[in-house]
Amino acid sequence: MKKNRLFLLFALLMALAVTVSCGGGDTSKPIRVGNIADNEHDPAEWGKIYPFHYESWQKTKEPKPANRSKYRKGWDKDRVTYDRLSEYPYQALLYNGWGFGIEYNEPRGHFYMITDQLEIDPSRVAPGGVCLACKSPFHKEFVKSKGEAYLKAPYTKAVDMLPSKHKTLGVACIDCHDNKTMGMRTNKWHILKGMDLIGKKEFNHQDNKMLACSQCHMTYYVPRDKAGKTAGDVIPPWTGAKWGNISIEKIIADLLTDYQREEWTQTVTGFRMPYIRHPEFEFFTKSSVHYNAGVTCIDCHMPYKRVGNMKMTDHDITSPLKTEPEMRACAQCHTESADWLKKQVVTIQDRTSSLLNRAGYQTAVTAKLFELLHKEQKSGKKFDIAPYEKAKKFYKEAFLRVVFVSAENSTGFHNPSEAGRVLGDAIAYGNKSEILIRQMLASGGVKAPEQVNLELSKYLNNRGKKKLMFQRNQEAKDPYGTEDIFTPVNARGY
Ligand code: HEC
Ligand code: HEC
Ligand code: HEC
Ligand code: HEC
């Protein structure tokens, strides 16, 4: 182990040395012939100077090897689109009330980011042009030049405003690179706003590399007016947080401050709710072992590769389990075999998935008990509702933690012990809320059953215009079987 550690340190230093030694913060630059115009959005133009990078960047269009990843099955060579709500059926109940409860697919390559929005149930892009924040490279410019006319335009109208050649262009060279130096840059207002909120002013090369990804792989909310309509560009809920410590506690505290952060109404409870989207940046940088060791997203998702005698950064961004050879990125630092490394990943994900099931079902049971309480109140029954506000607050605390870990796209790998901590708290909050609701119900003489029927088939089937159905074979069952004890299959109602 000691020898391994020394190797890791050496490998890490070498990785840093490569990036530092070339000066100006750039990596080993291929020889450059010609200039790239300022504000050039077209990757094909950048490709005239960097053909290998352009070719590599285009590869996110190709499906990846199937059956490599246990939990992150995208649109791989089996050409199956995986349905998040079938994988985690309780989420169909929790998200019922807006787009995420209708159609919610596992991600695929960067090439498809706008295509996938155009193909998804229209309810998912209801907020309008603002939905292009983490998709189109024109977003930043359009927010400035067209403002609310673009942000609030119905989604398809906003896409129509994009230059005809680039309507489906997703993340482009200009999002990550300065055209003159090829150094790292970002291309979103919300990441600047975020850095302001956490008071981060100085950035080293590692920070800049991480921000190239994090400008999209971070959480934000679509601010709303009193009527629930889009009120501006997306905003990170980072009030009071610090770089390296954007905790779930700070995120939730921010999200629960006012109606501007409440984006939808949850059907089962009737509560106005905030939401958390893809928090890879927040989760990874919260003191994970890899983050603390100076490793960035790039090391694992854009490993070096050889083309002829040139060493270059692989721009075919995907899961490290789906590269050729498998786990190639990890092998830059780790000496263990690909099998061993993969087993570490899957073991971490099994544990996270099991806890996520526990926390998710707990939260769903609590939601159903709120539904029962509200129904009984409507029918005129009187209860001692002193603990109501506390039960509601605790329920939201549980719900948002479940969303946080579930919307984070590594199924726990980016920060395993943090996933455990957050889900442990989710279970405790959900459980405490359940006890308080049962107490209120009992005060009015209503005896709730021990096993609450979740009626999941009601939420899982006939979703949206496409009438999507539960795909039973895609369910991510608890790998240890424990969930079948707490929420037996007959109580799930699917
Ligand atoms: C402009 C926003 C944006 C930037 C910048 C960005 N991503 Fe993404 N990323 C997305 C979106 C959106 C998706 C989902 C695409 C889909 O499913 O259509 C995605 C998907 C992915 C996937 C899943 C790919 C697959 O094969 O299933 C990985 C891995 C990923 N991103 C990693 C990264 C890394 C690492 C970086 C930085 C080098 C990065 N992303 C930069 C928006 C972005
Ligand atoms: C130490 C290596 C490592 C680092 C650092 C890392 N990741 Fe990952 N990432 C992984 C692994 C492993 C997975 C799980 C892949 C799987 O199960 O197929 C993953 C999954 C993902 C996914 C989902 C991929 C999919 O196919 O659905 C995204 C998106 C992602 N990472 C983005 C990021 C971003 C953004 C950062 C930096 C903030 C980052 N990663 C840092 C190793 C890493
Ligand atoms: C999602 C962000 C992202 C996008 C999009 C992107 N790059 Fe990169 N690129 C990177 C990162 C990260 C590095 C590595 C930087 C480092 O290690 O210092 C890199 C490195 C490079 C380098 C330096 C040489 C090397 O291989 O390390 C070139 C040249 C380059 N990219 C060209 C392009 C071109 C051309 C495009 C568009 C077709 C593009 N990149 C799109 C993130 C991106
Ligand atoms: C840039 C170098 C680098 C890359 C790339 C990298 N790691 Fe690591 N990894 C480290 C370092 C450094 C540590 C901390 C080692 C220590 O302190 O013992 C570590 C620790 C780990 C640990 C132990 C974590 C813990 O909680 O103790 C696992 C498991 C691991 N890495 C798996 C992976 C996998 C899987 C990949 C590829 C997806 C990967 N690593 C990619 C450098 C790297």
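Only one residue in F394, F404, F413, F383 is closer than 18 Å to L436 by Cβ, under 24 Å from the mean Cα position of the chain (by Cα) and modelled with pLDDT of 95 or more, so which one is that? Working first, answer last.
On the way: F404 fails: closer than 18 Å to L436 by Cβ; F413 fails: closer than 18 Å to L436 by Cβ; F383 fails: under 24 Å from the mean Cα position of the chain (by Cα).
After ruling out the rest, the residue left standing is F394.
One line per residue, one yes/no per condition, for (1) under 20 Å from K392 (Cβ atoms); (2) modelled with pLDDT under 95; (3) assigned to a helix (DSSP H, G or I); (4) away from ligand 3 (no atom under 16 Å from the Cβ):
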residue	(1), (2), (3), (4)
C213	no, no, yes, no
M218	no, no, no, no
G232	no, no, no, yes
T239	no, no, no, yes
K250	no, no, yes, yes
D254	yes, no, yes, yes
T257	yes, no, no, yes
Q260	yes, no, yes, yes
T267	yes, no, no, yes
inquiry  = Cβ-Cβ under 7 Å, sequence separation 6+ or interchain: first residue in region 71-92 and within 21 Å of R463 (Cα to Cα), partner basic (K, R). Which pairs?
reply    = G74/K64; G74/R108; W75/R108; Y82/K73; P89/R492; Q91/R84
message = Could you list, ordered by first residue, the pairs with Cβ atoms under 6 Å in which the first is in region 268-282 and of a type in the set (K, R) and the second is away from ligand 3 (no atom under 16 Å from the Cβ), at least 6 apart or interchain?
response = R272/E262; R272/T265; R277/T219; R277/A407
request  = Determine whether K368 is away from ligand 2 (no atom under 15 Å from the Cβ), among the basic types (K, R) and touching a Leu at 6+ places or on another chain (Cβ under 7 Å).
outcome  = yes
message = Looking at region 31-53, I want the residues that are within 20 Å of K305 (Cα to Cα) and have a partner that is exposed (fewer than 10 other Cβ atoms within 10 Å of the Cβ) and of a type outside the set (D, E, K, R) with Cβ atoms under 6 Å, at least 6 apart or on another chain. Which pairs are those?
response = I49/G34
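Among K157, K193, K165, K180, which is the only one that is surrounded by fewer than 18 Cβ atoms within 10 Å (Cβ to Cβ) and more than 26 Å from A44 (Cα to Cα)?
That would be K193, the only listed residue that is surrounded by fewer than 18 Cβ atoms within 10 Å (Cβ to Cβ) and more than 26 Å from A44 (Cα to Cα).
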task = Please identify the pairs in which a residue from region 471-486 that is more than 27 Å from D78 (Cα to Cα) and modelled with pLDDT of 95 or more has its Cβ atom under 9 Å from the Cβ atom of a residue that is buried (at least 16 other Cβ atoms within 10 Å of the Cβ) and aromatic (F, W, Y), counting only partners at least 6 apart or on another chain.
result = E483/Y361; F486/Y361
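Can you find a residue in region 106-129 that is in a loop (DSSP other than H, G, I, E, B), β-branched (V, I, T) and more than 10 Å from ligand 1 (Cβ to nearest atom)?
Scanning region 106-129, I find no residue that is in a loop (DSSP other than H, G, I, E, B), β-branched (V, I, T) and more than 10 Å from ligand 1 (Cβ to nearest atom), so the answer is no.
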task = Search region 140-154 for residues being part of a helix (DSSP H, G or I) and among the basic types (K, R), and hand back the single one that is nearest to G47 (Cα to Cα).
result = K140
task = Being buried (at least 21 other Cβ atoms within 10 Å of the Cβ) and among the hydroxyl-bearing types (S, T, Y) is the filter; apply it to region 285-304 and report the residue that is nearest to ligand 4 (Cβ to nearest atom).
result = T296
query = Applying the selection to region 317-332, what residues are touching a helix residue (DSSP H, G or I) at 6+ places or on another chain (Cβ under 9 Å) and outside any helix (DSSP H, G or I)?
reply = I317, T318, S319, P325, E326, M327, R328, A329
note = Flagged pairs (Cβ under 9 angstrom, 6 or more apart or on separate chains; first in region 400-424, closer than 23 Å to L321 by Cα and in contact (Cβ under 8 Å) with a residue 40 or more places away in the chain; second in a loop (DSSP other than H, G, I, E, B) and of a type in the set (D, E)) are N409/E106; H414/E408; N415/E408; A419/E408
key: Among the candidates Y82, Y50, Y54, residue that is under 24 Å from K342 (Cβ atoms) and either surrounded by 16 or more Cβ atoms within 10 Å (Cβ to Cβ) or away from ligand 1 (no atom under 16 Å from the Cβ) (or both)   = Y82
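Scan W46, W75 and give me the residue that is in contact with a Pro (Cβ under 7 Å, 6 or more places away or on another chain) and on the phi < 0 side of the Ramachandran plot. Can you show your working first?
Working: W46 fails: in contact with a Pro (Cβ under 7 Å, 6 or more places away or on another chain).
None of the others qualify; the one that does is W75.
Taking W75 as the residue in question, decide whether it is at pLDDT below 95, buried (at least 16 other Cβ atoms within 10 Å of the Cβ) and more than 16 Å from ligand 4 (Cβ to nearest atom). If you could, list the steps in order and put the result at the bottom.
On the way: at pLDDT below 95: yes; buried (at least 16 other Cβ atoms within 10 Å of the Cβ): yes; more than 16 Å from ligand 4 (Cβ to nearest atom): yes.
Taking the combined requirement at face value, the residue satisfies it.
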note = Restricting attention to region 333-390, the residues that are more than 16 Å from ligand 1 (Cβ to nearest atom), in contact (Cβ under 8 Å) with a residue 40 or more places away in the chain and in a helix (DSSP H, G or I) number exactly 30
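The values are calculated or read from the model by the stated rules, or taken from the named source; none is laboratory data. Nothing here was measured: the structure is a model prediction, and the numbers come from that model. Note: ideal-geometry Cβ built from the backbone for every residue, glycine included; neighbour counts use all protein chains shown.
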